[in-house]
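Take a look at the structure set out below.
The values are calculated or read from the model by the stated rules, or taken from the named source; none is laboratory data. All values reported here derive from a predicted model rather than from experimental measurement. Virtual Cβ from ideal backbone geometry, glycine too; neighbours counted across all protein chains shown.
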Amino acid sequence: MRQFSRQVLATIAGLALAAGACATATSSQAVPLAATAPPAASARLGAPVKVKATFNANGGAIAGKASKAKTLAKGKFLGSLPVATRAGYVFAGWHTKQTAGKRVTRFTKIAKSTTYYAHWRQRSQALPLSLTVMTYNTLTGENDCAGCLALKKAGDGAQLALSKRMPAAAQKVAATNPDIVGFQENEGEPGAELPATYLQALLPGYTWILPDQTVPIAVRASMFTVADSGIVTLEKNPKACTAKDDTTGRYVSWAKLTLVADGSALWVFNTHGHPYDKLACAKVRSKNIDKIVELMDEKNPGQAERFLLLGDFNAYNDDTRAVFRDHLAKLAKLGIVDAYELKQRDDSDVPKADSASWMTAKVAGKTRVRVIRRDGRHVDYIFVSEGAQVTSWQVKSGPGVKWKTIAGKKVPYWPGVIPSDHNPVIAKIALP
């Protein structure tokens, strides 16, 4: 240990006494400490910085007010965007400037407190087209889904026959009486009848477009005539994104309809994306979205005429992961949005029912056959222009839904035939 001389120690002691004297002499004086104050508790703990997103209706209104604001964590997505309206105008999205600027979507990240502005285009003199629209994956006749296997294990495999399921599916359609339906998985064993074969007989009053293809469209015969139609292969060669992805290809059907009432046009596109929650599958789905957009622009340049995009996209509406959310992000940049985001009310007969039911749900940690999933998510979509009005949106679980108590929890379930491992999504829409 180092030794100090008496002289050094005395010097140190003297300095200490001097410092104490200074402290005593100045103790009655106010000494500002703000510059050296400790950081706030929230900052010390690393709490997120809050910023404000303000939405300016820019001549319109948001629920009767000129603007609406919400507080978010810095760097987070904007999330759900407010719906703005303006008499005589069609909403054209939220932008970073009052005129021009960049369009923002629910996936735009906010870096600082910012005001976003509604943009508008003048509405044409034509009256809005009011429609009830449905998208419905009726499940292939091969009955090879995970829920199908669970149903077979429960001893109810006979109910999976198309002759049993399609009458129940037709009941769902008839109960909501849609003007347009996009169907998916119109498939079956080689030589066997297809779901559409049954549905055509059970649902009179519809014109069927491509009823022998995997993604047919049905439209109300008294309301529309078919000017043109076709189907496009999204992949040159069928792409399986996982070993389980047994596919013969992915397609998008399209139809140009003529409204009987006034001769105006309506384009309908209908598709079915690759399944599975895997990055490889999400990448294939993303590429196919690009091809769908190209087709839509080829047929209806600049969205000059009304349109609908329907289908089972096999990707969730609340997914925020990069690539996995591309079906929402890419379309939103073009002003094509999920009708769910524009809905004025949710009329689902079972609150928070999923559109992909899988015929099973977990109750008290155990998978139960026939119980309806209620995670509030959907993979089945009705996409519309952002200027559309959606008065009602719903997942249709019934008819025939019952409730019972399982493991002390009251849950909805299907007591009879389950038409499909998907429930249809329906929206009441006014297209400008």
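Structure values in brief
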| read-out | value |
| --- | --- |
| Single residue of V411, V350, V337 found to be assigned to a loop (DSSP other than H, G, I, E, B), aliphatic (A, V, I, L, M) and in contact with a Ser or Thr (Cβ under 9 Å, 6 or more places away or on another chain) | V350 |
| Residues located in segment 385-399, provided they are free of Cβ contacts under 8 Å to residues at least 60 places away in the same chain, in contact with a helix residue (DSSP H, G or I) (Cβ under 8 Å, 6 or more places away or on another chain) and in a loop (DSSP other than H, G, I, E, B) | A388 |
| Close pairs (6 angstrom Cβ cut-off, 6 or more residues apart or separate chains): without any contact (Cβ under 8 Å) to a residue 40 or more places away in the chain in segment 311-322, buried (at least 20 other Cβ atoms within 10 Å of the Cβ) anywhere | D319/R325 |
| Answer from D262, D297, D349 - the residue that is of a type in the set (D, E) and either under 25 Å from E189 (Cα atoms) or without any contact (Cβ under 8 Å) to a residue 40 or more places away in the chain (or both) | D297 |
| Among the residues listed as S67, S80, S5, S27, the single one being closer than 15 Å to Y116 by Cα, of a type in the set (S, T, N, Q) and modelled with pLDDT under 85 | S80 |
| Per-region count, segment 230-250, residues polar (S, T, N, Q) and modelled with pLDDT of 80 or more | 3 |
| Subset tally (residues that are surrounded by 22 or more Cβ atoms within 10 Å (Cβ to Cβ) and in contact with a Phe, Trp or Tyr (Cβ under 8 Å, 6 or more places away or on another chain)) for segment 398-420 | 1 |
| Within segment 267-283, tally of residues that are under 21 Å from Q213 (Cα atoms) and either surrounded by fewer than 23 Cβ atoms within 10 Å (Cβ to Cβ) or not assigned by TED's automatic domain parsing to the domain that holds D380 (or both) | 2 |
| Which numbered condition I382 fails, given (1) over 24 Å from S163 (Cα atoms); (2) out of contact with any helix residue (DSSP H, G or I) (no Cβ under 6 Å at 6 or more places or on another chain) | (2) |
| Residue in segment 254-264 that is modelled with the lowest pLDDT, counting only those that are aliphatic (A, V, I, L, M) and loosely packed, with under 15 Cβ neighbours inside 10 Å | A261 |
| Matching residues in segment 63-106 - criterion: being surrounded by fewer than 17 Cβ atoms within 10 Å (Cβ to Cβ) and among the hydrophobic types (A, V, I, L, M, F, W, C) | A63, A66, A69, A73, F77, A87, A92, A100 |
| Considering residues of segment 176-197 that are touching a residue at least 40 places away in the same chain (Cβ under 8 Å) and farther than 17 Å from N137 by Cβ only, the residue farthest from the chain's Cα centre (by Cα) | A192 |
| Criterion: more than 18 Å from Y206 (Cα to Cα), out of contact with any Pro (no Cβ under 6 Å at 6 or more places or on another chain), of a type in the set (V, I, T) and in the same structural domain as I382 (by TED's automatic domain parsing) - qualifying residue of T233, T258, T225, T248 | T233 |
| All positions within segment 79-104 that are farther than 19 Å from A61 by Cα and out of contact with any Phe, Trp or Tyr (no Cβ under 8 Å at 6 or more places or on another chain) | G79, A100, K102 |
| Those residues of segment 117-148 which are surrounded by fewer than 14 Cβ atoms within 10 Å (Cβ to Cβ) and assigned to a strand (DSSP E or B), in sequence order | R121, Q122, S130 |
| Count of residues meeting criterion [crowded, with 21+ Cβ neighbours inside 10 Å and in a helix (DSSP H, G or I)] in segment 149-188 | 8 |
| Residue in segment 258-267 that is closer than 18 Å to D312 by Cα and among the β-branched types (V, I, T) present | no |
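Table: residues versus (1) farther than 21 Å from I231 by Cα; (2) in the same structural domain as K396 (by TED's automatic domain parsing); (3) at pLDDT 95 or above.
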{"residue": "N300", "(1), (2), (3)": "no, yes, no"}
{"residue": "F313", "(1), (2), (3)": "no, yes, yes"}
{"residue": "L334", "(1), (2), (3)": "yes, yes, no"}
{"residue": "K343", "(1), (2), (3)": "yes, yes, yes"}
{"residue": "A356", "(1), (2), (3)": "yes, yes, yes"}
